[in-house]
Amino acid sequence: MNRIFSGVQPTGNLHLGNYLGAIRNWVRLQASHHCLYCVVDLHAITVPQDPVELRSSTREVAATLLAAGIDARSSIVFTQSQVAAHAELAWIFNCVARLGWLNRMTQFKEKAGKDRENATVGLYAYPTLMAADILLYHATHVPVGEDQKQHLELTRDIAQAFNSMYGVDFFPLVEPIILGTAARVMSLRDGTRKMSKSDPSDQSRINLTDPPEVIAHKIRRAKTDPQPLPESPAGLEGRPEAENLLGIYASLSNITLEQACQQFAGASFSHFKAALTELAVADLAPIAAELNRLLADPGYVEGVLKDGAARARTIADPNLSQVHELIGFLRS
Ligand code: AMP
Ligand code: TRP
């Protein structure tokens, strides 16, 4: 059975983009794979974090995974910092990956912005830690949004370079799993920008904690254009907001973008938005309710994470020992 690994940062509210681009796929994959799902707090501190908020966001993100349908008995749900081997293997990979490879990473360029000299070394080395997350468990498949594809290519390069440095076939070459029509959910205020938790406008995203009336309000206010909806995806050219909303509809109802266009061909946005609201509320309201129940019991969530970390270590530690052996470190 293939092993799945994926990670999510504990920074603020998770939103519809995280759900459709990532978490919903994670839930589905549990039926056919052995899965590890990690709250990546070591990645979070590549940019400044408030300690109190980091701790509560870590619990909140873990609770969101459980509320969305991740089963912590069959899958391993844990926090990255609670399994020390992640940081250690990342260091080893820092000594495998080349500056030239990291220099090409577009996410670093985006996140560092103009003030690159002031970015942390951790932000720069972010992708080697991500490679360590995955390869520590010899995971073969990684479900992510499209924005993470480049990091997975780097993970393959690191695996290959390590294997050839030590003349072994130790680390597998991972494959991304990018599913669904909504691999990239865009902002409700600007169809050319990704829906993101760092967007200052809360109107730009649907948070998984939003109650039904807030979801309805945000969809009603979502940016559109003056034309009616087209009968096929070709008619969405140059209409990023329409494409995004139809994409969200298609993804939530498990149909293709083509089918969604057929369903709403010639309709007005107000008609379409009412249908989208109904669908979004039906899908998301039960998750929000379960999430609020779990958030009221932080001890339970922390217990799930501790148990997950213990199970993760039983896979990670022997693999890391083998890496030590290959590199030529003395046995501890
Ligand atoms: P992040 O919120 O950046 O930690 O991302 C967590 C997961 O959600 C990753 O797999 C991302 O690729 C995915 N993701 C984040 N934002 C979006 C978006 N707007 N559309 C689709 N997937 C997303
Ligand atoms: N970088 C990913 C993101 O921002 C999160 C992540 C960390 C991850 N480690 C991972 C995703 C390993 C998949 C596999 O979305």
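The values are calculated or read from the model by the stated rules, or taken from the named source; none is laboratory data. None of the values given here were measured: they were computed from a predicted structure. Please note: Cβ atoms are built from the backbone with ideal geometry, for glycine as well, and neighbour counts cover all protein chains shown. Side chains included, ligands, DNA and RNA excluded: accessible areas come from the protein's heavy atoms. Shrake-Rupley method; radii C 1.70, N 1.55, O 1.52, S 1.80 Å.
Rounded, prolate or oblate: which one fits the stretch 254-314, using the alpha carbon gyration tensor with axes a ≥ b ≥ c (rounded when a/c is under 1.5, else prolate when a/b beats b/c, else oblate)? Judged from the Cα gyration tensor, the stretch 254-314 comes out oblate (a/c at least 1.5, b/c at or above a/b). The loop-placed trypsin sites (Lys or Arg not before Pro) in the stretch 1-32, going by DSSP, include none that has at most 16 neighbouring Cβ atoms within 10 Å of its Cβ. Computed from Cα atoms, the angle from the helix 298-327 axis to the main principal axis of the chain rounds to 50 degrees.
All other residues whose Cβ lies under 14 angstrom from that of T224 are scored, Lys and Arg at +1 and Asp and Glu at -1, for a net of +3.
Between rounded, prolate and oblate, where does the stretch 202-293 land on the alpha carbon gyration tensor, with a ≥ b ≥ c its root eigenvalues, rounded for a/c under 1.5, else prolate if a/b exceeds b/c? Cα axes put the stretch 202-293 in the prolate bin.
Axis angle, to the nearest 10 degrees, between helix 51-68 and the longest C-alpha principal axis of the chain: 70 degrees.
Phi angles across the stretch 130-135 convert, under the Karplus curve 6.51 cos²θ - 1.76 cosθ + 1.60 with θ = phi - 60°, into 3J(HN,Hα) values of 5, 4, 5, 3, 6, 6 Hz, Gly and Pro given as x.
Count Lys and Arg as plus one, Asp and Glu as minus one, and take only other residues whose Cβ is under 15 Å from that of T155; the net charge is then 0. Along its three principal directions, the equivalent ellipsoid of the chain from the Cα gyration tensor extends over semi-axes of 36, 22, 19 Å, largest first. Calculate how steeply helix 149-165 sits against the longest principal axis of the alpha-carbon atoms of the chain, using the helix alpha-carbon long axis, and give the answer as 0 to 90 degrees to the nearest 10. Rounded to the nearest ten degrees, it is 20.
Note that the stretch 234-251 has calculated 3J(HN,Hα) couplings of 4, x, 8, 4, x, 10, x, 5, 5, 4, 5, 5, 5, x, 5, 4, 4, 5 Hz, one per residue in order, obtained from phi through the Karplus relation 6.51 cos²θ - 1.76 cosθ + 1.60 (θ = phi - 60°); glycine and proline are x. The trypsin sites (Lys or Arg not before Pro) of the stretch 100-162 meeting both criteria, a DSSP state outside H, G, I, E and B (loop) and at most 14 other C-beta atoms within 10 angstrom of the site's C-beta, are R104, K114. Within the straight-line cut-off of under 14 Å between alpha carbons, the aspartates and glutamates reachable from K218 are D190, D202, D210, E241, E278, sequence neighbours fewer than 8 places apart in one chain being disregarded.
For the residues T192, T128, a 1.4 Å probe over the protein chains yields an accessible-area ranking, largest first, of T192, T128.
Counting Lys and Arg as +1 and Asp and Glu as -1 over every other residue whose Cβ lies under 11 Å from the Cβ of R189, the net charge comes to +1.
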